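Trainee: Have a look at the structure that comes next, please.
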Amino acid sequence: MSDGVRTVTHMDGSIGFTAETRVITWEGARPIGDLADSTQRVLGRDAQWHTAFFDGSEPGTPLQVTVGRNRQVKELFAAPEQVWFVRESNTGGKKRELTTARLRRGHRLAVVFPGSRVQLTTPSPFGIAHGITFGDGTMNGTGSMATLDSVKDIGLLKWFPNSRVTRSIKERPQLLVHHLPAYFRRLPPLDESVSYLSGWLAGYLAADGHVSKDGTVMLNCAQRAVLEYVRVVCTRLGIGTYGITEQVREGFPGREPSSIFRVHFVNEDMTERFFLLDEHLVRFRAATKAYARRGWVVRSVTEGVRAERLFVPVMRKGGGLAIEDNILVGATGGPVLA
C-alpha cells in the first residue's frame, strides 16, 4: 500500500463502503451510492480537490466501525480491506494505513480539511446584508424585509446604509429594513465569490448565531437542510465545522415538541471579521486558543450481519479522500473516467 491509493481488483467486495456513506464532494456531502458510475471533485489527502470515479463492486459483508468525537457518535460500514489512516499522535503528524479489519478501539482516525480561503478576505457588505436578512427577515410583497431587534441589533443597521427603516412595536420593539431583494431570503449560490459567501456567513451568524462564554461559535436553525448548506459553504471557504446536532424543544401548551438543529464551527479557522456584534467579537477574542478536536476516535469494530453492495472511489492522485465529517480514507488506483 502507498499513500492510500492501491491498484487492485476491487470488484470482489473486499474494499469500499455501503451506499449510505456520505462523501465530501465539491457540491457537498453525498451518499456514495448516489455517486455510482459518476465522476466527482473530492477532497484529497493533500487538502486539495481532485477527480474521483465511483464504482460499484460485488456484494460484500462490511464491518461496522463506531467512532466518536466531542460527545458525538457515528457508525460507518466498510469492507474488511478498506484502507483508513490512523494518526500517531493527538496533534497529527505521521499517519499509518490500516485496513478496517485491523482497526482497534482507541485508534485516532486522520482527518483532512480544505485550506483556508478567508484569512485575507474582506467579507462583502452585500453578502452581509443578505445573511442578516436570511436569518432575521421576512418576505414583504415581491421583495424582503429585515427585522432587527431595536437594542441588540442596532449595530447591524450600518449594513443597510441607504434603506428605509421604520420601527414596529406590535410584539416587541423592532427595526424594519424595507425594500430589500427577494433573494435575500434564499440561500446564496455556491459559485458566488469567496468575499460574498464570507459576508453571507458573517451576516447569518449575527442574526441566528451564538458565541458562548467559552468562545464556542455555533449556529441554530429549525431546518437541518439549511445547516447542511452552511457546512457546504464552509467547506468552500475552508472553515471547519463539526457535525450537526439535534435538540427537541418542548412546545407551548397545545403544540407538539419541535426540533432545533445546531452546528459548531472550528474557531481557529475563523477570523474576527466574521463577528459583527460586539458581544460575539469580545467572546471570540477572549476564547482560549485550545487545540481544536477535529479527529475521530474508534470505539469499536464489529462483524457485519449481511452482504451489501459496496461502492469504491477510484483516484489517480490525491492520496485518498474525505468522507463526511472530514474522515480520511483510502481509494483504489486506476483510470479515472472523464
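Coordinate-derived values only; no laboratory data. Computed from a predicted structure; not experimentally measured. For neighbour counting, all protein chains shown are included, and Cβ atoms are generated from backbone atoms with ideal geometry for every residue, glycine included.
Trainee: Could you line up 76, 120, 175, 190 from fewest to most neighbouring Cβ atoms inside 10 Å?
Mentor: Values: 76 27, 120 8, 175 19, 190 14.
Lowest count first: 120, 190, 175, 76.
Trainee: Out of residues 5 or more away from residue 56 or on other chains, whose amide H comes under 5 Å of its own, with H placed 1.01 Å from N in the peptide plane?
Mentor: Here the answer is 37, 312, since their amide H atoms fall under 5 Å of that of residue 56.
Trainee: What FRET efficiency, computed as 1/(1 + (r/R0)^6) with R0 = 22 Å and r the Cβ-Cβ distance, is obtained for residue 316 and residue 88, rounded to the nearest 0.05?
Mentor: Values: r = 27 Å, r/R0 = 1.24.
Here the calculated transfer efficiency is 0.20.
Trainee: Considering all projection directions equally, how large on average is the shadow of the alpha-carbon convex hull of segment 45-157, in square nanometres? Let's see the in-between values first.
Mentor: Details: hull surface 54.4 nm².
Result: a mean projected hull area of 13.6 nm².
Trainee: For a Förster distance of 35 Å, can you work out the FRET efficiency between the beta-carbons of residue 119 and residue 306, rounded to the nearest 0.05? Kindly include the intermediate steps, with their values, before the conclusion.
Mentor: Working: r = 47 Å, r/R0 = 1.35.
Efficiency computed from Cβ-Cβ geometry: 0.15.
Trainee: Given Cα pairs under 8 Å that are at least 6 residues apart, what percent is the relative contact order of the chain?
Mentor: Numbers: 820 pairs, mean separation 99.7, N = 338.
Result for the chain is 29 percent.
Trainee: Also, I was wondering about something else. To the nearest 0.05, how large is the calculated FRET efficiency for residue 178 and residue 260 if R₀ is 30 Å and r is the Cβ-Cβ distance? Please list the in-between numbers first.
Mentor: Numbers: r = 29 Å, r/R0 = 0.97.
So, using R0 = 30 Å, E works out to roughly 0.55.
Trainee: Using θ = phi - 60° and the Karplus form 6.51 cos²θ - 1.76 cosθ + 1.60, what ³J(HN,Hα) does each residue of segment 314-331 get, whole Hz, x for Gly and Pro?
Mentor: Ordered by residue, 3J(HN,Hα) equals 10, 9, 8, 8, x, x, x, 8, 9, 8, 3, 6, 6, 6, 8, 9, x, 10 Hz.
Trainee: OK, next. Based only on other Cβ atoms within 10 Å, what is the fewest-to-most ordering of 53, 126? Don't jump to the answer; show the numbers that get you there.
Mentor: On the way: 53 22, 126 17.
Listing 53, 126 from fewest to most nearby Cβ atoms yields 126, 53.
Trainee: Count the net charge of all other residues whose Cβ sits under 12 Å from the Cβ of residue 38, scoring Lys and Arg as +1 and Asp and Glu as -1. Write out the running numbers ahead of the final one.
Mentor: Working: positive: 30, 41; negative: 27, 34, 37, 55.
With Lys, Arg at +1 and Asp, Glu at -1, the neighbours total -2.
Trainee: Can I ask one more? Using a 10 Å cut-off around each Cβ, can you sort 37, 136, 191 from fewest to most neighbouring Cβ atoms? Before the final figure, lay out each step's value.
Mentor: Numbers: 37 10, 136 21, 191 7.
So the residues, fewest neighbours to most, are 191, 37, 136.
Trainee: Run the dipole for the chain about the Cα centre, Lys and Arg Cβ at +1, Asp and Glu Cβ at -1, nothing else charged, and hand back the magnitude in debye, nearest 20.
Mentor: Values: 43 positive and 34 negative charges, 171 e Å.
The calculated dipole for the chain is roughly 820 debye.
Trainee: Would you mind counting up the charge near residue 150? Only other residues with Cβ under 13 Å from its Cβ, with Lys and Arg at +1 and Asp and Glu at -1. Don't jump to the answer; show the numbers that get you there.
Mentor: Working: positive: 152, 167, 170, 172; negative: 136, 149, 153, 171.
Overall, the nearby charge balance is 0.
Trainee: Under a point spin-label approximation (7 Å from Cα along Cα-to-Cβ), what is the residue 74-residue 104 distance to one decimal in nm?
Mentor: Roughly 2.5 nm, to one decimal.
Trainee: Using the Kirkwood radius over Cα pairs, work out the Stokes-Einstein diffusion coefficient for segment 125-286 at 20 °C and 1.002 mPa s, in µm²/s as a whole number.
Mentor: Working: Rh = 16.4 Å.
Using the Kirkwood radius from Cα pairs, D works out to 131 µm²/s.
Trainee: Net charge near residue 280, counting Lys/Arg +1 and Asp/Glu -1 over other residues with Cβ under 15 Å of its Cβ? Let's see the in-between values first.
Mentor: Working: positive: 152, 213, 273, 283, 285; negative: 136, 149, 153, 208, 214, 272, 278, 279.
Residues near residue 280 contribute -3 overall.
Trainee: Output the 0 to 90 degree angle, nearest 10, between the alpha-carbon long axis of helix 224-237 and the longest principal axis computed from the alpha carbons of the chain.
Mentor: It is inclined by approximately 80 degrees.
Trainee: Out of segment 163-267, which trypsin sites (Lys or Arg not before Pro) are coil in DSSP terms and have no more than 14 other C-beta atoms within 10 Å? Present the calculation step by step, with values, prior to reporting the outcome.
Mentor: On the way: sites: 164, 167, 170, 185, 186, 213, 224, 231, 236, 249, 255, 262; in loops: 164, 170, 186, 213, 255.
Here the sparse-neighbourhood loop sites are 164, 170, 186, 213, 255.
Trainee: Additional query: Tilt of helix 194-208 relative to the longest C-alpha principal axis of the chain, in degrees (0 to 90, nearest 10)?
Mentor: 70 degrees
Trainee: Please give me, ordered by residue number, the GluC sites (Glu not before Pro) of segment 288-328 that lie in loop per DSSP and have at most 12 other Cβ atoms within 10 Å.
Mentor: Those that pass, being in a loop and sparsely packed, are 303.
Trainee: Sticking with this one: Kindly identify segment 164-213 as rounded, prolate or oblate by the Cα gyration tensor criterion: order the square roots of the eigenvalues as a ≥ b ≥ c, call it rounded if a/c is under 1.5, otherwise compare a/b with b/c, prolate if a/b is larger, else oblate. Don't skip to the answer; put the middle values down first.
Mentor: Values: a/c = 3.01, a/b = 1.41, b/c = 2.14.
The shape class here is oblate.
Trainee: In cubic angstrom, how much convex hull volume per residue do the alpha carbon atoms of the chain span? It would help to have the intermediate numbers written out before the result.
Mentor: Details: hull volume 55.1 nm³, N = 338.
Expressed per residue, the convex hull around the Cα atoms of the chain is 163 Å³.
Trainee: Which whole-Hz couplings ³J(HN,Hα) result when phi for each residue of segment 126-135 is put into the Karplus expression 6.51 cos²θ - 1.76 cosθ + 1.60, θ = phi - 60°, listed in order with x for Gly and Pro?
Mentor: Result, rounded to whole Hz: 5, x, 4, 4, 4, x, 4, 5, 4, x.
Trainee: Exactly which chymotrypsin sites (Phe, Trp or Tyr not before Pro) in segment 253-329 are in a DSSP loop and have at most 12 other Cβ atoms within 10 Å?
Mentor: Numbers: sites: 261, 265, 274, 275, 284, 291, 296, 311; in loops: 275, 291.
Answer in residue order: 291.
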